[in-house]
Amino acid sequence: MKPKKITPKAYAYGFHKEEQSVYKAQKGLNAAIIDEISNRKKEPLWMKQFRLKSFALYQKKQMPSWGPDLSGIDFANIYYYLKPTGGTVSKWKNLPKSILDTYERIGVPEAEKKFLSGVSAQYESEVVYKSIQKSLSKKGVVFLSMDDGLRKRPDIVKEYFGTVVPPGDNKFSALNSAVWSGGSFLYVPKNVKVDLPLQAYFRINAQNMGQFERTLIVADEGSFVHYVEGCTAPIYSTDSLHAAVVEILVKKGARVRYTTVQNWSTNVFNLVTKRAKVEEEGVMEWVDGNLGSKCTMKYPSVILTGRKARGEVLSIAYAGRGQIQDAGAKMIHMAPDTTSRIISKSICKDGGRTSYRGLVRIIPTATHASSHVQCDALILDGKSRSDTYPYMDIQSDDASIAHEAAVSKISDEQLFYLTSRGIPEEEAVSMVVNGFIEPIVKELPLEYAVELNRLIELQMEGSVG
Amino acid sequence: MRLQNIEFIHIHEDQRYSDTLPEGEEKTYVFLVAPKQSLRAEISVSLEGRNAKAQLLGIIIPQRNIEVHLSTTQLHKSPDSVSVCLLRSLVLNDSLVSYQGNIFIGKRSQGSDAFQHHDSMLLSGHARVQTRPILEILHHAVSCKHGVSMHPIPDDVLWYAKTRLLHQKQIERIYVDGFIRKITDMIPDSHIRDLVYNQCRNITKTL
């Protein structure tokens with residue numbers, strides 16, 4: 001049986017709408033633009049100073065000397081701030097038609113009705129739609145855009161902003177700290193469990209756009225929340241930049257799950273800093289799916305500061321033609337009896353390149369710590385490449401550490417077994433790939449698991465023939 | 001000692017060992033590294049022919065406060081070749097075990113399968129282990145895995161045994177015995193199996 005060659009389907013979210021804005025900064029970045037962003041947002045003086053100090057750091061910081069080639073980013077050719085509407089609305093019908101149409105095509109309003117506690121939708125630089133179930137608001141859950149969070153809960157924002165990811169952490173965290181706009185502010189009070197996920201949706205529409213959202217989540221003692229983010233962009237011939245910062249504080253006994261389904265178009269540089277600080281008996285779980293973008297550098301981190309704190313990263317990366325997925329995780333054990341687990345699965349095909357880059361650090365005070373790292377790679381053809389860079393720095397003498405790595409292709413036996421049962425070869429490849437990523441997909445809410453499987457199947461189309 | 005398809009290599013000083021396997025040959029290499037002085041050793045097996053299979057089984061027990069630097073190389077030069085390297089280190093006092101595990105899969109080695117695992121048990125707060133897996137894979141149609149673990153005797157094991165009135169030293173001996181047996185039980189030749197096991201027991205008795 002000769003399999004039929006199928007042309008890969010186009011990126012489903014590559015459409016774009018006519019650009020609309022109530023304000024658009026000029027291309028490039030200088031202190032005057034930062035001043036203008038801060039003035040337009042009517043920010044307190046401390047935030048303006050924070051931005052300007054961060055800008056000075058950004059100018060001093062060098063580009064990373066390791067990892068993928070980022071020389072293609074033309075920082076002078078990027079719009080750093082674009083305000084698409086007059087403000088945030090809480091009803092979809094109040095959005096401009098073109099923006100509403102975008103989100104309807106992506107399916108966000110429908111998802112909100114079916115299975116979400118709240119939704120935040122960011123278009124270019126600003127959050128244009130925000131909603132949360134009334135029952136959660138009554139319990140004290142605060143879910144706002146970061147800009148509104150700064151206005152309405154300055155006490156919490158000032159206490160925690162920039163404490164988990166300081167501006168000087170790296171060049172892109174400094175850039176984000178200087179020009180951040182949008183993102184989510186989420187506060188979950190003590191012992192409140194948010195049963196259904198909260199979702200943030202990020203969309204870049206304009207060409208040469210930079211999106212720099214900033215998210216701060218504070219989960220107070222004994223609380224639970226699941227936050228999901230998704231992202232898409234149109235396909236342009238020029239590159240866009242997404243450099244977000246996510247800071248999460250998990251207080252004593254709290255649990256936060258942060259799920260990302262990243263599906264940027266293949267002209268987006270996705271350079272994100274995500275980090276959580278976990279107190280005693282707290283649990284932080286990052287579930288990270290990286291399917292899109294031209295180049296992703298993302299290493300969700302957990303700093304385990306309290307006794308019996310736990311961190312987990314489950315990560316899937318797919319790299320097709322021209323894509324680089326440089327993903328991984330960091331676990332810093334600073335307290336006794338802390339545990340961590342990293343499971344990373346990557347698939348590369350058509351010359352794509354995936355890398356796992358991870359760090360487990362256990363300092364001497366972290367007695368009886370334990371960590372398990374597993375990174376598996378599936379390489380689907382001879383043009384693609386997968387690398388693993390695990391780094392472990394164990395300074396405690398009673399830690400239990402395990403690391404496993406595997407690289408393989410789809411075996412002929414697997415394909416023979418499936419095709420001999422009448423399954424077309426292309427479908428068989430998809431089945432094996434979905435089985436490979438199943439340990440991570442099963443951790444997603446059902447709707448996202450279905451979506452991720454569907455995306456992987458779309459990417460696999462044309463893999464045979 | 002060399003029997004058909006199995007070779008025992010006792011390393012107690014600086015040493016380089018290499019071997020090649022032609023088409024279809026299967027061989028097990030058993031090495032015991034239990035020196036009383038610091039050493040550097042290299043073990044290399046080259047799978048030159050199609051369907052060649054190598055199994056490397058190793059135990060490292062530094063007997064004093066010394067440094068042991070060991071490297072193994074699994075060199076796949078031909079299609080459908082298989083190599084497995086399982087290594088266990090028992091580290092006490094101020095000893096250091098530094099292990100580098102190389103797997104090289106060449107351009108014409110489609111269908112090859114390589115596995116490497118290094119388990120370490122640390123019986124002292126000053127014992128150190130370094131593991132550096134280095135994998136260079138030049139063909140995509142292969143399977144390659146490596147793993148590393150390091151741990152002391154788990155607290156729950158200690159607690160369980162102590163509640164059964166065993167002393168710390170007794171518990172250590174039982175646990176160490178089981179740790180070593182995981183390797184020795186895989187040795188296909190009974191004579192070499194008993195030889196390696198008894199040597200390990202004699203060493204661990206005095207530690």
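The values are calculated or read from the model by the stated rules, or taken from the named source; none is laboratory data. Remember, predicted model here, so these are calculated numbers, not experimental data. Positions of Cβ are generated from backbone atoms using ideal geometry, with glycine treated the same way; all protein chains shown enter the neighbour counts. SASA here: full protein model, heavy atoms, side chains in, ligands and nucleic acids out. Shrake-Rupley method; radii C 1.70, N 1.55, O 1.52, S 1.80 Å.
Could you size up the charge dipole of the protein assembly as shown around its Cα centre, putting +1 on the beta carbon of Lys and Arg and -1 on that of Asp and Glu, and report it in debye to the nearest 20? Before the final figure, lay out the partial values.
Working: 85 positive and 74 negative charges, 347 e Å.
Here the protein assembly as shown has a charge dipole of around 1660 debye.
Taking θ as phi - 60° and the Karplus parameters 6.51, -1.76 and 1.60, the scalar couplings of region B:81-86 work out to 8, 10, 9, 10, 10, 10 Hz in sequence order, x denoting glycine and proline. List the residues of region B:112-134 for which accessible area in the full set of protein chains is at least 30 Å² lower than for the chain on its own; 1.4 Å probe, protein heavy atoms only. Output list: B:Gly125. Neighbouring Cβ atoms from other chains, within 10 Å of the Cβ of residues in A:392-402, number 4 on average.
Output the peptides A:111-124, B:173-186 sorted from most to least packed, where packing is the average of other Cβ atoms within 10 Å over each peptide's residues. Walk me through the numbers before you get to the answer.
Details: A:111-124: 21.4, B:173-186: 16.4.
Ranking, from highest mean packing down: A:111-124, B:173-186.
Sort largest first and round to whole Å: the equivalent ellipsoid semi-axes of region A:150-220, each the square root of five times a Cα gyration tensor eigenvalue.
Numbers: eigenvalues 115, 62, 22 Å².
After diagonalising the Cα gyration tensor, the semi-axes are 24, 18, 10 Å.
Rounded to the nearest 10 degrees, the inclination of helix B:190-206 to the longest alpha-carbon principal axis of chain B is 40 degrees. Taken residue by residue and averaged, Cβ atoms of other chains lying within 10 Å of the Cβ of B:145-156 number 5.
Debye-formula intensities of chain A, expressed as log10 I(q)/I(0) at q = 0.08, 0.09, 0.10, 0.11 Å⁻¹, are -0.45, -0.57, -0.72, -0.87 (one equal scatterer per alpha-carbon, no solvent). Just the protein heavy atoms count here, and of the accessible area of the protein assembly as shown at 1.4 Å, carbon and sulfur take up 49 percent. Computed from protein heavy atoms with a 1.4 Å probe, the total accessible area buried between B and A is close to 1400 Å². The residues of chain A have, on average, 39 Å² of accessible surface per residue, using a 1.4 Å probe with all protein chains present. Residues whose amide H comes within less than 5 Å of that of A:Tyr389, counting only those at least five positions distant or on another chain, are A:Tyr356, A:Arg357, A:Gly358 (H built at 1.01 Å from N in the peptide plane). Here A:Lys91 is the anchor, and the aspartates and glutamates within straight C-alpha reach of less than 18 Å, apart from those fewer than 8 places off in the same chain, are A:Asp101, A:Glu104, A:Glu110, A:Glu112, A:Glu126, A:Asp148. Here B:Lys162 is the anchor, and the lysines within straight C-alpha reach of less than 23 Å, apart from those fewer than 8 places off in the same chain, are B:Lys205. For region A:19-297, the ratio of Cα radius of gyration to the globular rule of thumb 2.2 N^0.38 Å stands at 0.94. Ignoring lysines fewer than eight residues from B:Lys182 along the same chain, none have Cα atoms less than 16 angstrom from its Cα.
Calculated from DSSP H runs of 4 or more alone, at -39500 (n - 2.57) each and per residue, what is the 222 nm mean residue ellipticity of chain B, nearest 500? List each step's numbers first, then the result.
Working: 3 runs with 43 residues, N = 207.
One gets -6500 deg cm²/dmol as the mean residue ellipticity at 222 nm.
Full extension of the chain segment joining B:His69 with B:Lys169 gains 33.2 nm, where the gain is 0.36 nm per residue of separation less the Cα-Cα distance.
Computed 3J(HN,Hα) for region A:308-314, one whole-Hz value per residue from the Karplus formula 6.51 cos²θ - 1.76 cosθ + 1.60 where θ = phi - 60°, is 6, 6, 9, x, 9, 10, 10, glycine and proline marked x.
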